[in-house]
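K.L.:
One structure coming up, written as structure tokens, with questions to follow.
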Amino acid sequence: MDSGVLKTIQERFDNAIKRYGEKVIIDGVEYDAVIRHKPVGDTLDYDDKRITTAADITRGTIINYKGKDYVVISEVNDKRYDIYYEAIMRRVPIVLDVKLWNSNETGTGYNLIGTTQVPCFVSTMSTTEEGKYAWDFKKIIVIVPDRPEFNTPKLGKVEFKLFNTEWKCKAEYMDTSKPGLNFWHCDYAALL
């Protein structure tokens, strides 16, 4: 791309940061970013926002904005024009105390290996046989930022309390198809 065009884009980005920029914290470091609200029709019940920043962000990055934690949910490929990143972030209103379990050597039970705090948001949407969406309050999907402790082959299940209910999830039901996020498919009646 022409250096004059890149210079113009850089000037416009710098001007936008000066005029509309706000402070955010990404991985414990303060950065400037432009935050825009997404239209309500696009977000359903979530508090989604667009973020534009020069800081390195990827799907799963946790961003603190105005004292609230958000997680980047959109795929972030490269810096645009080698100047800035743009992504969609979603507020994570829940922090879970999660117990991590692994299968014991005999395969007949589980051993507690630790606990961790996990920011998340929850979905109860599922698809029916006809391909339509339906609400299923006996099953939930908990969406959390990807963390190394959830990708270990020794992990057997996780447990946490949410909505005054004990939830359990077998590790094989953790969907990691979107890098940066884990989708835990949980059933309150799971026999683990």
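K.L.:
Could you pull out the residue among LYS161, LYS178, LYS168 that is outside any strand (DSSP E or B), modelled with pLDDT of 70 or more, under 29 Å from THR58 (Cα atoms) and open to solvent by 40 Å² or more (accessible area, probe 1.4 Å)?
P.N.:
LYS178
K.L.:
Now, a different point. Tell me which of these GLY21 doesn't satisfy, since it passes every other one: (1) at pLDDT below 85; (2) over 20 Å from the mean Cα position of the chain (by Cα); (3) surrounded by 11 or more Cβ atoms within 10 Å (Cβ to Cβ).
P.N.:
Every condition holds for GLY21 apart from (1).
K.L.:
OK, next. What pairs come up if the first residue lies in the range 14-41 and is within 16 Å of ILE63 (Cβ to Cβ) and aliphatic (A, V, I, L, M), the second is modelled with pLDDT of 85 or more and open to solvent by 70 Å² or more (accessible area, probe 1.4 Å), and their beta carbons are under 7 Å apart, counting only those six or more places apart or on different chains?
P.N.:
VAL24/TYR31; VAL34/TYR20
K.L.:
Further, regarding this structure: Tell me which of these VAL76 doesn't satisfy, since it passes every other one: (1) touching a Phe, Trp or Tyr at 6+ places or on another chain (Cβ under 8 Å); (2) part of a loop (DSSP other than H, G, I, E, B); (3) open to solvent by 60 Å² or more (accessible area, probe 1.4 Å).
P.N.:
(3)
K.L.:
Of GLU75, GLU105, which residue is under 30 Å from LYS7 (Cβ atoms) and modelled with pLDDT under 90?
P.N.:
One residue alone meets the criteria, GLU75.
K.L.:
Shifting gears a bit: Please enumerate the residues belonging to the range 83-121 that are aliphatic (A, V, I, L, M) and either loosely packed, with under 14 Cβ neighbours inside 10 Å or touching a Leu at 6+ places or on another chain (Cβ under 8 Å) (or both).
P.N.:
Within the range 83-121, ILE83, ILE94, VAL95, LEU96, LEU100, LEU112, ILE113, VAL118 meet the criteria.
The values are calculated or read from the model by the stated rules, or taken from the named source; none is laboratory data. Treat the numbers as computed from the prediction; the structure is a model and nothing was measured. Quick reminder, even Gly has a Cβ in these numbers, built from the backbone with ideal geometry, and neighbours come from all protein chains shown. Side chains included, ligands, DNA and RNA excluded: accessible areas come from the protein's heavy atoms. Shrake-Rupley method; radii C 1.70, N 1.55, O 1.52, S 1.80 Å.
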